[in-house]
Amino acid sequence: MEYTKAFDLIAGKVEEELKKSGYTKQKVASENEGDLVALFTSDNIAYSVVYILDRQQMVLRSCTMTDEGPDNEWKTLATWLYDEETSSQKDAESIANDFIEGVSGTIAVKRAKQVKQKKKKGDDGSADPKFLAKRFVAYFPELKDEIKMEEDCYYPFRGATFAKEHLAPKIAEFVKRAKGKELEKFAGVFNTQYGNGDVDTRSIITIVILNSLEDSEFTKLCNELNEETQKAALAARKYRGREVKPEKPKKKSVSKASSLLDSSR
């Protein structure tokens, strides 16, 4: 059975099952030629069925949803080999049944409950600086590796330093070129994270990130912020240019990445 037909069969059955729990199929394209992908999302979790052509693999994976979409920290739940020259419709149906169990079984229900509780905790104002940084991965994919390097090299996570070195420059360039709905959606990230953030996160948003913007970009983004975030941003603007006491984190001596970083200096 051709892998494209097998994929449609498997993704279709997964979609039928997920619809029962309120999931919606999203339009998405594969990054690699020949690969196939189907994405299904709810408020809390995203599931993806993928066929990787060069490996001849059908994969079921999941990640957490954010206000901007999937956080792209995908976890593989099941992997099956599928060779269209030797595999049949019966094989495709077996894979579909396994994937359905993966999105609807006891473990899946537990997973959804844990994610919902975790997100509720964040909504109660406990979103920390690392959580803030991860929210921008959807806009700047390279942040994923930069966050990992920060985690490997320093403890605790240097929220203000990371924001100054990695977030602020990217955000400034994005705001310069963004407009309309794109800018409005981007401003929504700041609104949500400021509203849900802890004291450190709120300070990083206003004093570190927004204050790093030139006046034209600051005004442009500020006009899209909600009343609460805008008020805080304007109040913090008077501190622009002032020195902020640097963080003094303890380096992770056991980290291989840290050792490599130190040796390159």
Condition first: closer than 20 Å to Asp67 by Cβ, among the small types (Gly, Ala, Ser), part of a helix (DSSP H, G or I) and without any contact (Cβ under 8 Å) to a residue 12 or more places away in the chain. Can you find one or more residues in the range 204-225 that meet it? no
Got a sec? Which of Glu17, Glu31 is open to solvent by 30 Å² or more (accessible area, probe 1.4 Å), of a type in the set (Asp, Glu) and closer than 30 Å to Leu132 by Cβ? Glu31
The residue that is nearest to Thr64 (Cα to Cα), considering only those in the range 165-185 that are buried (at least 19 other Cβ atoms within 10 Å of the Cβ) and touching a residue at least 12 places away in the same chain (Cβ under 8 Å), is Leu167
Residues within the range 132-157 that are more than 20 Å from Phe190 (Cβ to Cβ) and open to solvent by less than 40 Å² (accessible area, probe 1.4 Å), tallied: 3
I need the full set of residues from the range 81-104 which are open to solvent by 90 Å² or more (accessible area, probe 1.4 Å), within 16 Å of Gln56 (Cα to Cα) and in contact with a strand residue (DSSP E or B) (Cβ under 9 Å, 6 or more places away or on another chain), in order please. Leu81
Looking for something farther than 18 Å from Met1 by Cα, among the hydrophobic types (A, V, I, L, M, F, W, C) and out of contact with any Leu (no Cβ under 9 Å at 6 or more places or on another chain) - is there at least one such residue anywhere in the range 55-70? yes
When Thr24 is evaluated against the numbered criteria (1) of a type outside the set (Phe, Trp, Tyr); (2) exposed (fewer than 14 other Cβ atoms within 10 Å of the Cβ); (3) modelled with pLDDT under 90, which criterion, by number, is the only one it fails? (3)
Taking Phe186, is it hydrophobic (A, V, I, L, M, F, W, C) and assigned to a helix (DSSP H, G or I)? yes
Residue hits (the range 21-41; among the hydroxyl-bearing types (Ser, Thr, Tyr), outside any strand (DSSP E or B) and more than 16 Å from Ile100 (Cβ to Cβ)) are Ser30
Residues of the range 42-67 being within 30 Å of Glu85 (Cα to Cα) and not in a strand (DSSP E or B), which ones? Leu53, Asp54, Arg55, Gln56
Of all residues in the range 49-68, count the ones that are within 18 Å of Pro141 (Cα to Cα) and surrounded by 16 or more Cβ atoms within 10 Å (Cβ to Cβ). 6
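The values are calculated or read from the model by the stated rules, or taken from the named source; none is laboratory data. These figures come from a predicted structure and were not determined experimentally. So basically every Cβ, Gly included, is an ideal-geometry build from the backbone, and we count neighbours across all protein chains shown. Heads up: the accessible areas ignore ligands, DNA and RNA and are worked out on the full protein's heavy atoms, side chains in. Shrake-Rupley method; radii C 1.70, N 1.55, O 1.52, S 1.80 Å.
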